[in-house]
1. Mind listing whichever residues of segment 100-120 are assigned to a loop (DSSP other than H, G, I, E, B) and either surrounded by 13 or more Cβ atoms within 10 Å (Cβ to Cβ) or at pLDDT 90 or above (or both)?
2. Identify, please: which residue in segment 51-87 is among the basic types (Lys, Arg) and in a helix (DSSP H, G or I) and is, among those, surrounded by the most Cβ atoms within 10 Å (Cβ to Cβ)?
3. Can you spot a residue in segment 121-142 that is exposed (fewer than 15 other Cβ atoms within 10 Å of the Cβ), at pLDDT below 90 and either assigned by TED's automatic domain parsing to the domain that holds Phe18 or assigned to a helix (DSSP H, G or I) (or both)?
4. Show the residue pairs that are 6+ apart or on different chains and have beta-carbon atoms under 6 Å apart, the first residue being within segment 173-192 and under 18 Å from Glu95 (Cβ atoms), the second being β-branched (Val, Ile, Thr).
5. If you take the residues of segment 143-194 that are closer than 22 Å to Val102 by Cα and of a type in the set (D, E, K, R), which of them is modelled with the highest pLDDT?
6. How many residues are closer than 15 Å to Val17 by Cβ, in contact (Cβ under 8 Å) with a residue 24 or more places away in the chain and of a type in the set (A, V, I, L, M) when one looks only at segment 32-66?
7. Of all residues in segment 1-48, which are of a type in the set (D, E, K, R) and either out of contact with any helix residue (DSSP H, G or I) (no Cβ under 9 Å at 6 or more places or on another chain) or part of a helix (DSSP H, G or I) (or both)?
8. Any residue at all in segment 84-99 that's farther than 13 Å from Ile167 by Cβ, under 16 Å from the mean Cα position of the chain (by Cα) and modelled with pLDDT under 70?
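The values are calculated or read from the model by the stated rules, or taken from the named source; none is laboratory data. Here the structure is a predicted model, which is why all the values come from computation and not from measurement. Cβ placement follows ideal geometry from the backbone for every residue including glycine, while neighbour counts extend to all protein chains displayed.
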Amino acid sequence: MKKSDKHQKILNAAIKVFGKKGFFNARISDIAKEADVADGTIYLYFNNKYDILLTLFEEEIGKLITEIRDAISQKTDQREMLYIFAFHHLQLVIEKKELAEVLQMELRQSGDSIKEYRVTKFADYVNIISEIIHTGQENGIFRRDLKPGIIKRAFFGALDEMSRLWILNPNHSYTLQESAEEISDIFLNGIVAD
């Protein structure tokens, strides 16, 4: 098996194990068993359990960044770009539920070891929102008096909370499309009636 294949096999196994047992209850031996490799093999690719979790986060967010950038590169309307960002973010929860659960719940609960980590990919990911806002301001679509840094956090926060709802309550009544549309609409048009 190629080195890159084994690396991915271990990550896929970690998603399943972290999703099933939780990050703190999972052991390297559980991941090795799921990946069908020896325990020692894990250490050829990762330093420890935290390294596996952070690698998962970095690689998956990297894929999402590429996917979203490709999708918005075809558009010229920044309002549509915000919707595309929202849709792709929420789609991850539906299409890769175990992964979304690990990224959403386990990464947050991982404590001090994670605080030492520089979340550069995550910053790149959320900065897509502020780039869209900034460009929209330059094009006269969005108000110039608003700070893109605040908007990106508020917009991402709404998506993040919706993702958390879907993970904790899979029987919710909101569809992917209506959630992405409504969150985008609230940010674009507010909630005040005409």
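1. Result: Leu107, Tyr117, Val119.
2. The extreme case among them is Arg79.
3. The answer is yes, given that some residue of segment 121-142 is exposed (fewer than 15 other Cβ atoms within 10 Å of the Cβ), at pLDDT below 90 and either assigned by TED's automatic domain parsing to the domain that holds Phe18 or assigned to a helix (DSSP H, G or I) (or both).
4. Matching pairs, first to second residue: Leu176/Ile94.
5. Filtering first and then ranking leaves Arg153.
6. 6
7. Residues satisfying the conditions are Lys2, Lys3, Asp5, Lys6, Lys9, Lys16, Lys20, Lys21, Asp30, Lys33, Glu34, Asp39.
8. There is no residue in segment 84-99 that is farther than 13 Å from Ile167 by Cβ, under 16 Å from the mean Cα position of the chain (by Cα) and modelled with pLDDT under 70.
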